[in-house]
Structures are given as structure tokens and as C-alpha cells.
Amino acid sequence: MNVRIVWYALLLVLGALVGAAGSFAQNAWFPGGLALALLATAGVFYGGLRATDTQLGIVVPGAGWLVAIILLSLGRPEGDGVFGGGGAEMAYVVGGMVIAVMCATLGRLPRAAP
């Protein structure tokens, strides 16, 4: 099995976990929770870039992150949802997207010679 495929599968799950955890933390300990959630998001996106050395290393955890926050924002038929529509929730969603774009547009860093 190709090692890169394993990395992509792990990054997809990690992106979903960071998205779900950030969805709960961003409003629970505002503003520190928002900063922590955005730092974790940046870490998983940049880590995916460095681990795979491809732009797909950002897209895969970004897709997991986005699916997790969309599913948590839908709520249930009873009306319960994680996102209440406040400023912190929007800052988390928009901030995560901005971080993904920033990581995707980073130039490739030179690798150290062995």
C-alpha cells in the first residue's frame, strides 16, 4: 500500500476531528477557545502540507474539517445545534477557510540536503 494514501486517510480523519473539537471549543472558552481552535486548524493544514509535500495534503484535511463543521451546524430536528450563529462561530468558519487558503498558497520550502 502506498504510504501517501495512508497519510491522506489519516489527514482526513484528523481534519474532521479538529473541526469537531474546534466547533465545541471556539465558543466554550471565548476568546481563548477560538484562538486555540484556529491554531489547531492551522497545525493540521500546515502539517498535512509538510507530511505529504503536496497541495492535496491541505485539501484532504480541509475537506474533513469542512464536512465536520457543516454536519455540526445543521443541528437536529429538535433545533439543537453546535453553532448558534454568533460572531465567534463565523470567525471560526471564515478563519479556518482563510488559514486553508494561506497554507495552500505557501511556496514549497526547500528540503535540507541529506
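Miscellaneous remarks
- Protection proxy ranking for 10-17, 88-95, using the average of other Cβ atoms within 10 Å per residue and placing the highest first: 10-17, 88-95.
- Normalised alpha carbon radius of gyration of the range 14-61 [divisor 2.2 N^0.38 Å]: 1.19
- Applying a DSSP loop filter and a limit of 14 other Cβ atoms within 10 Å to the chymotrypsin sites (Phe, Trp or Tyr not before Pro) in the range 1-50 leaves Trp29.
- Tail fraction, Cα-Cα pairs, the range 4-106, threshold 16 Å, whole percent: 52 percent
Read the figures in this text as sums done on the coordinates, not as results from a lab. All values reported here derive from a predicted model rather than from experimental measurement. Positions of Cβ are backbone-derived with ideal geometry, glycine not excepted, and every protein chain shown enters the neighbour counts.
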